[in-house]
Amino acid sequence: MDSIPANRRYWNQISRAYQHEHDPQIGAAPRLWGMYAIPDAHLHALGDVTGKRVLELGCGAGQWSRSLAAEGATVVGLDLSEAQLAAAARAMGTVRYPLVQGAAELLPFAAGSFDLVFCDHGGLSWAPPHLAVPQAARVLRRGGRLVFNAASPWFEACYDDDARRVTTTLHHDYFGLNTIAEDHGAASYQLTYGDWIKTLRGAGLIIDDLLEPRPEPGTLNGYNETDPPDWAHHWPAEMLWITHKP
Ligand SMILES: C[S@@+](CC[C@H](N)C(=O)[O-])C[C@H]1O[C@@H](n2cnc3c(N)ncnc32)[C@H](O)[C@@H]1O
């Protein structure tokens, strides 16, 4: 729970600039995944959400939630930052959906409330997975799915903090990634692949797939400089876990 105040402050501070810079990419079309805006139509990660109760964990300005609400899902957008939630409220379309301030570490919902819990670089990246994964599993109904996209351990291990870019050199100890220091005292989180599997299975989830989104050469990373520019065509920059609660 330690990083909740710092992460809230951080996202409140950067929200306006972040949305100014990234909303045109994130919100360019419905259902775009991650740093390379890869369409879900290519990845088939979420499936049909019509009539489903859906929770976005760390919804930011709600680009995803807004799209899924328009498709007929009953969506709740949860985020830690009031500035991000205000951006989501401003950007809400004609189909309204509720926004809730809360932390992925301690979800304010009853057990079994949702058919789908998902995020794209959201609560599963910014909350300790050993807390956030069991919470997500708890609020899913039996048969419900937890689907989330996050940076890969490859990406984090190859991130050069001094040059602030991803390179082809290993800069960080794979076994020591855990808590990643972000700007202004904020923190994000990463596990080894083995520990992700243990954490998901430990929360009682079945792992159905691990997608490794691969952008075409020439697709730029909207967030981080990479060297070479087509780094993510050669190594997986992201990991998209697809799981369900039996
Ligand atoms: C990178 S954004 C993800 C939202 C959107 N998919 C995007 O790419 O902009 C990360 C979001 O996670 C939220 N966040 C950070 N820590 C959180 C926590 N512990 N619980 C829930 N949300 C959190 C931040 O406020 C921010 O809106």
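Quick one: what are the phi-derived ³J(HN,Hα) couplings along region 58-74, Karplus 6.51/-1.76/1.60 with θ = phi - 60°, whole Hz, x for glycine and proline?
Once θ is set to phi - 60°, the couplings for region 58-74 become x, 7, x, 7, x, 4, 6, 4, 4, 5, 6, 4, 5, 7, x, 7, 9 Hz.
Scan around Val76 for amide H atoms under 5 Å from its own, H built in the peptide plane at 1.01 Å from N, and keep only partners 5 or more places away or cross-chain.
Residues meeting the criterion, in which the H sits 1.01 Å from N, are Val54, Leu55, Glu56.
For region 131-185, which trypsin sites (Lys or Arg not before Pro) are in a loop by DSSP, counting at most 12 other Cβ atoms within 10 Å? Before the final figure, lay out the partial values.
Details: sites: Arg138, Arg141, Arg142, Arg145, Arg164, Arg165; in loops: Arg164.
Here the trypsin sites (Lys or Arg not before Pro) that fit, given the DSSP loop and packing criteria, are Arg164.
If you build the convex hull over the alpha carbons only and average its shadow over all orientations, what do you get for region 1-109? Give it in nm² to one decimal. Display every interim value, and only then the final one.
Details: hull surface 27.5 nm².
The directionally averaged projection comes out at 6.9 nm².
Only helical DSSP H runs with n ≥ 4 go in: add -39500 (n - 2.57) per run for the chain, normalise by residue count and round the 222 nm mean residue ellipticity to 500 deg cm²/dmol.
Numbers: 9 runs with 79 residues, N = 246.
So the calculated ellipticity at 222 nm is -9000 deg cm²/dmol.
Antiparallel DSSP bridges in the chain: what percent, to the nearest 5?
50
Please report Rg (one decimal) and Dmax (integer) in Å for the Cα set of region 120-165.
Both quantities, over Cα of region 120-165: 13.9, 45 Å.
First obtain the Kirkwood hydrodynamic radius of region 2-64 from its Cα pairs, then insert it into the Stokes-Einstein equation at 10 °C and 1.306 mPa s, and state the resulting D in µm² per second as a whole number.
Numbers: Rh = 13.6 Å.
My calculation gives 117 µm²/s for D.
Where the centre of each part is set by its Cα atoms, how far does region 1-46 sit from region 134-163, in angstrom?
Using only Cα atoms, the two centres lie 13 Å from each other.
Just the number, please: Stokes-Einstein D of the chain in µm²/s, Kirkwood Rh from C-alpha pairs, 25 °C, 0.890 mPa s. Intermediate values should be presented prior to the final figure.
Working: Rh = 18.0 Å.
Calculated translational D: 136 µm²/s.
For region 141-210, just list the percent of Cα-Cα distances falling in each 5 Å bin from zero outward, please.
Each 5 Å bin holds this share of Cα pairs: 3, 14, 22, 22, 15, 11, 8, 3, 1, 0.
Please report the orientation-averaged projected area of region 45-94, defined via the convex hull of its C-alpha atoms, in nm². Each step should come with its number before you reach the end.
Details: hull surface 12.9 nm².
That works out to 3.2 nm², a quarter of the Cα hull's surface.
Would you tally the net charge around Ala203, using a Cβ to Cβ cut-off of less than 12 Å, leaving Ala203 out, and scoring K and R as +1, D and E as -1? Before the final figure, lay out each step's value.
On the way: positive: Arg138, Lys198, Arg201, Lys245; negative: none.
After counting each charged neighbour, the total is +4.
If N is the number of residues in region 99-245, what value comes out of its Cα radius of gyration divided by 2.2 N^0.38 Å?
Numbers: Rg = 15.8 Å, N = 147, 2.2 N^0.38 = 14.7 Å.
Against the compact-globule rule of thumb, the ratio is 1.08.
Read-outs throughout are calculated quantities, based only on the coordinates presented, and are distinct from any laboratory measurement. A quick note: this is a predicted structure, and the numbers were derived from the prediction, not measured. Every residue, glycine among them, receives a Cβ derived from its backbone with ideal geometry; neighbour counts consider all protein chains shown.
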